[in-house]
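A.B. asks: Structure in structure tokens, see below.
The values are calculated or read from the model by the stated rules, or taken from the named source; none is laboratory data. Predicted model, so just to flag it, every value in this text is computed and none were measured. All Cβ positions, even for glycine, are placed from backbone atoms using ideal geometry, and neighbour counts span all protein chains on display.
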Amino acid sequence: MFEEFDICQKQLKIFLDTTDEVPYKVLNFLGAEVNYGGRVTDDKDIRLIKAILSRLINPAIMEVGGKYSESGVYKTIEPGTVDDYVRYIQSLPLSPHPEAFGLHENAEITTNQQNSRTLLE
């Protein structure tokens, strides 16, 4: 998994070093179809990868306040120092809500029900 991330990171650097614009569509295609998707065989998983990457790799991420989630808890913050970023990260919930992963609120209910069943068994 980290290998794919490293490849995506290197590709992003190549594009940023050689072009004036960030090619979001190309980066999404490379990430979803080639780097990660090349190892995934289930069509629903590929669809999920595409959905996640399109939510994370788009022009809105370059704007301060660009939301990664509906509530706006997960967002792009003002450029700053390392301490500014650490403070923001520390302000995030310790247990992320399903929205952090692009899931509906009911996903947490289902997970909690399954965990309860497992515990009771």
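A.B. asks: Quick one: in segment 3-22, of everything that is free of Cβ contacts under 8 Å to residues at least 12 places away in the same chain and over 19 Å from Gly37 (Cβ atoms), which residue is surrounded by the most Cβ atoms within 10 Å (Cβ to Cβ)?
C.D. replies: Leu16
A.B. asks: Out of everything in segment 23-47 that is of a type in the set (S, T, N, Q) and surrounded by 10 or more Cβ atoms within 10 Å (Cβ to Cβ), what residue ends up being modelled with the lowest pLDDT?
C.D. replies: Going residue by residue through segment 23-47, those that are of a type in the set (S, T, N, Q) are 28, 35, 41.
From what's left, surrounded by 10 or more Cβ atoms within 10 Å (Cβ to Cβ): 28, 35.
Details: Asn28: 90, Asn35: 84.
Looking at the filtered set, the residue picked out is Asn35.
A.B. asks: Then there's this: In segment 77-105, how many residues are of a type in the set (Phe, Trp, Tyr) and either surrounded by fewer than 11 Cβ atoms within 10 Å (Cβ to Cβ) or at pLDDT below 90 (or both)?
C.D. replies: 1
A.B. asks: While we're here: Only residues in segment 99-119 that are within 23 Å of Leu53 (Cβ to Cβ) count as the first member; pair them with residues that are in a helix (DSSP H, G or I), Cβ under 7 angstrom, at least 6 apart or cross-chain, and list the lot.
C.D. replies: Taking only residues 6 or more apart or on different chains, the pairs are Gly102/Ala51; Gly102/Ile52; Gly102/Arg55; His104/Pro98; Glu105/Pro98; Ala107/Pro98; Glu108/Pro98.
A.B. asks: Any residue that is of a type in the set (Ser, Thr, Tyr), surrounded by 10 or more Cβ atoms within 10 Å (Cβ to Cβ) and within 24 Å of Asp6 (Cα to Cα) - is there at least one of those in segment 106-117?
C.D. replies: no
A.B. asks: In the list Asp20, Asp45, which residue meets the criterion of being out of contact with any Lys or Arg (no Cβ under 9 Å at 6 or more places or on another chain), among the charged types (D, E, K, R) and assigned to a loop (DSSP other than H, G, I, E, B)?
C.D. replies: Asp20
Condition check ((1) among the charged types (D, E, K, R); (2) in a helix (DSSP H, G or I)) across all residues:
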| site | (1), (2) |
| --- | --- |
| Lys50 | yes, yes |
| Ser54 | no, yes |
| Val64 | no, no |
| Glu70 | yes, no |
| Tyr85 | no, yes |
| Ile89 | no, yes |
| Leu94 | no, no |
| Glu108 | yes, yes |
| Thr118 | no, yes |
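A.B. asks: Same structure again: Please tell me if Glu4 is touching a helix residue (DSSP H, G or I) at 6+ places or on another chain (Cβ under 6 Å) and either assigned by TED's automatic domain parsing to the domain that holds Ser95 or closer than 30 Å to Ser91 by Cα (or both). Walk me through how you get there before you give the answer.
C.D. replies: Details: touching a helix residue (DSSP H, G or I) at 6+ places or on another chain (Cβ under 6 Å): yes; either assigned by TED's automatic domain parsing to the domain that holds Ser95 or closer than 30 Å to Ser91 by Cα (or both): yes.
Spelling it out, Glu4 is indeed touching a helix residue (DSSP H, G or I) at 6+ places or on another chain (Cβ under 6 Å) and either assigned by TED's automatic domain parsing to the domain that holds Ser95 or closer than 30 Å to Ser91 by Cα (or both).
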